[in-house]
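The values are calculated or read from the model by the stated rules, or taken from the named source; none is laboratory data. The structure presented is a predicted model; accordingly, all values stated were derived computationally and were not measured. Every residue, glycine as well, gets a Cβ built from its backbone with ideal geometry; the counts of neighbours run over all protein chains shown. Note: areas computed on protein heavy atoms with side chains; ligands, DNA, RNA excluded. Shrake-Rupley method; radii C 1.70, N 1.55, O 1.52, S 1.80 Å.
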Amino acid sequence: MKNGPIGQYLVEKGIITDEQLQEVLKKQKESKGKLFGDVILELGIISDVQFAKVLGERLNVDFIDLDNMELNAEIVRKIPEAVARKYNVIAVARMGKRMSVATNDPVNFYIFEDLRAITGCNISPVLSTKAAINRAIGRMYSEGTTSAIAEEATKEKEDEINLEEFKDMSEERIENAPIVKLATAIVENSHRQGATDIHIEPFKDITRIRIRVNSDLIELMTLSPALHVSLVTRFKILSGMNIAEKRIPQDGRMSQVVDGTTIDLRVSNLPMVYGEKVVLRILAGDESVRRIQDLGMTDYNYKRFVSCLKVPQGVVLVTGPTGSGKSTTLYAALGEIAKPNLNVITVEDPVEKKIANINQCQINEKAGMTFGAALRSILRQDPDIIMIGEMRDTETAEIGIRAAITGHLVLSTLHTNDAASTVTRLVDMGVDAYMVATSLIGVVAQRLTKVLCPECKVQRMSTDEENELLEIDHSVPIYDKGGCPKCNKTGYKGRTAIHEILLATPTMKEIIAAGAKSEQIQTLAREEGCLLLRDNVSKLVQQGITSIDELVRVTYAV
């Protein structure tokens with residue numbers, strides 16, 4: 001079958017079924033001209049890496065993982081950036097007059113003829129995914145260009161008036177303006193480094209740009225203060241803010257294409273002593289919702305969480321500080337329980353991720369569309385499951401809890417330090433203790449902890465003091481952070497979530513209704529099998545996944 005159609009080859013390999021093949025062929029016929037590979041990836045039947053590996057095997061072309069490969073900038077630039085983007089190719093190696101080029105279309109010989117004429121080398125194709133090639137192009141060709149753009153913008157010192165006239169300018173002129181290129185480059189570089197937030201901060205002598213990577217703020221670059229007003233104005237225009245208003249905070253939203261992927265950004269603007277500070281939160285985007293199992297939840301906690309979601313009416317709360325992944329967990333929960341026979345409605349501020357087949361409602365305070373107003377209307381929309389972005393006041397909490405008591409499953413978030421204090425927080429907000437006890441199904445408290453880089457972590461034995469923190473009676477091998485190019489010398493690569501899940505058992509409901517304090521609730525929860533955040537992160541330290549420093553940072557005050 002190696003020389004037959006790729007679809008049939010996938011069936012022979014047992015990767016897809018005959019029914020899935022027919023579905024793809026039907027969709028391909030309807031699309032009029034789309035490639036089989038593009039259609040099967042659009043339908044989400046297999047991943048792009050899986051498809052590329054099978055295609056490489058069938059065509060006898062090597063597959064390479066560009067995301068985990070160090071490329072030589074000098075070799076890469078043998079192919080001009082415009083040509084690399086046009087053909088979606090990147091040079092990966094060169095030996096004499098032979099150059100290896102990564103492509104997602106290894107049978108398109110016209111491309112290789114063009115590249116041979118441009119580079120003067122014979123071309124050997126290797127296979128990679130379209131997305132990985134796009135990311136590599138963005139990463140390699142952008143190095144060193146941001147500072148050049150900043151210098152160009154500083155020389156020109158574009159003022160605010162130029163930017164206000166953007167609406168009347170041609171699109172090409174706008175895109176070529178140095179300040180516009182600088183704003184675009186800042187977002188691109190931040191996204192490529194895995195940032196979650198971008199801070200543009202005005203000071204007396206500089207404008208500092210920092211990005212949050214793995215929970216820490218690191219400096220991306222510094223700019224001349226002369227550029228600050230223009231840069232802020234550019235982001236205000238893109239996110240739909242009023243550029244004339246500089247005295248009050250504003251919020252907006254924008255999107256940008258980076259390396260072939262559209263990313264959404266939530267923009268917040270706040271007046272400071274030396275100008276307006278802008279913070280851009282890079283949102284998760286509209287890609288498929290992650291499963292609960294992919295969020296770092298242990299098998300034990302996963303079983304407890306799923307048992308909460310199976311209850312047809314009541315409140316399930318996800319708690320934790322800002323940026324601890326609460327919304328991601330809620331979206332994963334919705335993906336688990338949203339079935340075609342259920343009416344799922346969310347009310348959010350803002351809608352961070354658009355999900356197919358779920359009714360999502362955006363809050364608009366200025367127009368009077370508050371959480372309270374939206375929830376009252378939602379209850380007349382015959383819902384089965386309601387997701388409230390955040391219980392931020394008494395009115396929202398009361399309506400949500402009444403909705404749970406009247407037969408709906410309500411999912412929401414709350415800002416508290418641990419699961420036990422969530423109950424007392426609701427009571428402090430003015431919700432009667434008996435109503436909390438009646439409606440509550442369970443509480444998930446979570447944090448994000450940094451994961452040690454596997455390439456450079458350093459092993460040692462734990463000290464007596466650390467054994468006390470880990471709640472163990474003997475020394476065990478643990479790891480400290482190192483620092484290598486793979487993790488940008490930070491010692492950490494990525495983050496994982498830790499959880500504690502409190503279940504509202506009959507005994508728990510009794511003591512909540514009787515007005516128990518958080519210490520009593522936590523003691524009972526532990527007796528009933530709740531593993532605390534400290535227990536979870538302690539296991540990760542002993543498994544070599546995170547460090548003792550992270551245990552202290554994440555749970556010392558908990």
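Here is how the numbers come out for the structure above:
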| item | result |
| --- | --- |
| Residue within the stretch 248-261 that is part of a helix (DSSP H, G or I), touching an Asp or Glu at 6+ places or on another chain (Cβ under 8 Å) and in contact (Cβ under 8 Å) with a residue 40 or more places away in the chain present | no |
| Test: Val541 is within 20 Å of Thr298 (Cα to Cα) and out of contact with any Gly (no Cβ under 7 Å at 6 or more places or on another chain) | yes |
| In the stretch 337-359, the residues that are crowded, with 18+ Cβ neighbours inside 10 Å, within 16 Å of Ser377 (Cβ to Cβ) and not β-branched (Val, Ile, Thr) | Glu348, Asp349 |
| Tally, over the stretch 392-409, of residues that are outside any loop (DSSP other than H, G, I, E, B), closer than 21 Å to Pro312 by Cα and not small (Gly, Ala, Ser) | 7 |
| Residue selected from the stretch 20-53 under the condition touching a Phe, Trp or Tyr at 6+ places or on another chain (Cβ under 8 Å) and either assigned to a loop (DSSP other than H, G, I, E, B) or under 19 Å from Phe109 (Cα atoms) (or both), by the criterion modelled with the lowest pLDDT | Gly37 |
| Checklist (1) surrounded by fewer than 22 Cβ atoms within 10 Å (Cβ to Cβ); (2) more than 24 Å from the chain's Cα centre (by Cα) applied to Asn488, failing item | (2) |
| Search result, residues across the stretch 95-104 that are modelled with pLDDT under 90 and either buried (at least 16 other Cβ atoms within 10 Å of the Cβ) or touching a His at 6+ places or on another chain (Cβ under 6 Å) (or both) | Asn104 |
| Flag for Gly44 being open to solvent by less than 70 Å² (accessible area, probe 1.4 Å), of a type in the set (Gly, Ala, Ser) and more than 17 Å from Thr129 (Cα to Cα) | no |
| Selection status of Ile218, within 29 Å of Thr490 (Cα to Cα), in contact with a Ser or Thr (Cβ under 9 Å, 6 or more places away or on another chain), among the β-branched types (Val, Ile, Thr) and crowded, with 18+ Cβ neighbours inside 10 Å | no |
| Some residue of the stretch 168-180 being modelled with pLDDT under 90, farther than 27 Å from Tyr87 by Cβ and basic (Lys, Arg) | yes |
| The stretch 37-54 residues that are over 17 Å from Val126 (Cβ atoms), paired with ones that are assigned to a helix (DSSP H, G or I) (beta carbon under 6 Å, 6 or more apart) | Val39/Val24; Val39/Lys27; Val39/Gln28; Ile40/Val24; Leu41/Asp48; Ile45/Gln20 |
| Residue list for the stretch 256-276, restricted to those being surrounded by 15 or more Cβ atoms within 10 Å (Cβ to Cβ) and of a type in the set (S, T, N, Q) | Gln256, Ser268, Asn269 |
| Residue match in the stretch 371-391 (condition: assigned to a helix (DSSP H, G or I), surrounded by 15 or more Cβ atoms within 10 Å (Cβ to Cβ) and in contact with a Phe, Trp or Tyr (Cβ under 6 Å, 6 or more places away or on another chain)) | no |
| Selected residue [open to solvent by less than 10 Å² (accessible area, probe 1.4 Å), among the small types (Gly, Ala, Ser) and either on the phi > 0 side of the Ramachandran plot or in contact (Cβ under 8 Å) with a residue 12 or more places away in the chain (or both)] from Ser421, Ser412 | Ser412 |
| Counted residues, the stretch 436-478 - those being within 35 Å of the chain's Cα centre (by Cα), in a helix (DSSP H, G or I) and without any contact (Cβ under 8 Å) to a residue 60 or more places away in the chain | 2 |
| Qualifying position, being in a loop (DSSP other than H, G, I, E, B), open to solvent by 60 Å² or more (accessible area, probe 1.4 Å) and among the small types (Gly, Ala, Ser), among Gly194, Gly240 | Gly240 |
| Residue in the stretch 52-72 that is open to solvent by less than 60 Å² (accessible area, probe 1.4 Å), over 23 Å from Ala102 (Cα atoms), under 32 Å from the mean Cα position of the chain (by Cα) and of a type in the set (Gly, Ala, Ser) present | no |
| Sole residue being in a loop (DSSP other than H, G, I, E, B) and among the small types (Gly, Ala, Ser), chosen from Ser324, Ser412, Ser421 | Ser324 |
| Residue satisfying all of: in the stretch 496-529; β-branched (Val, Ile, Thr) and not in a helix (DSSP H, G or I); surrounded by the fewest Cβ atoms within 10 Å (Cβ to Cβ) among these | Thr505 |
| In the stretch 530-558, the residues that are part of a loop (DSSP other than H, G, I, E, B) and either closer than 14 Å to Thr422 by Cβ or in contact with a helix residue (DSSP H, G or I) (Cβ under 8 Å, 6 or more places away or on another chain) (or both) | Cys530, Leu531, Leu532, Thr546, Ser547, Val558 |
| Restricting the stretch 288-336 to residues that are among the acidic types (Asp, Glu) and under 21 Å from the mean Cα position of the chain (by Cα), the residue that is surrounded by the most Cβ atoms within 10 Å (Cβ to Cβ) | Glu336 |
| Identity of the residue in the stretch 1-19, of a type in the set (Gly, Ala, Ser) and surrounded by fewer than 15 Cβ atoms within 10 Å (Cβ to Cβ), that ends up modelled with the highest pLDDT | Gly14 |
| In the stretch 329-361, the residues that are under 22 Å from Glu398 (Cβ atoms) and of a type outside the set (Val, Ile, Thr) | Leu330, Glu348, Asp349, Cys361 |
| Residues satisfying the stated conditions in the stretch 54-67, i.e. part of a helix (DSSP H, G or I) and in contact with a Leu (Cβ under 8 Å, 6 or more places away or on another chain) | Val54, Leu55, Gly56, Leu59 |
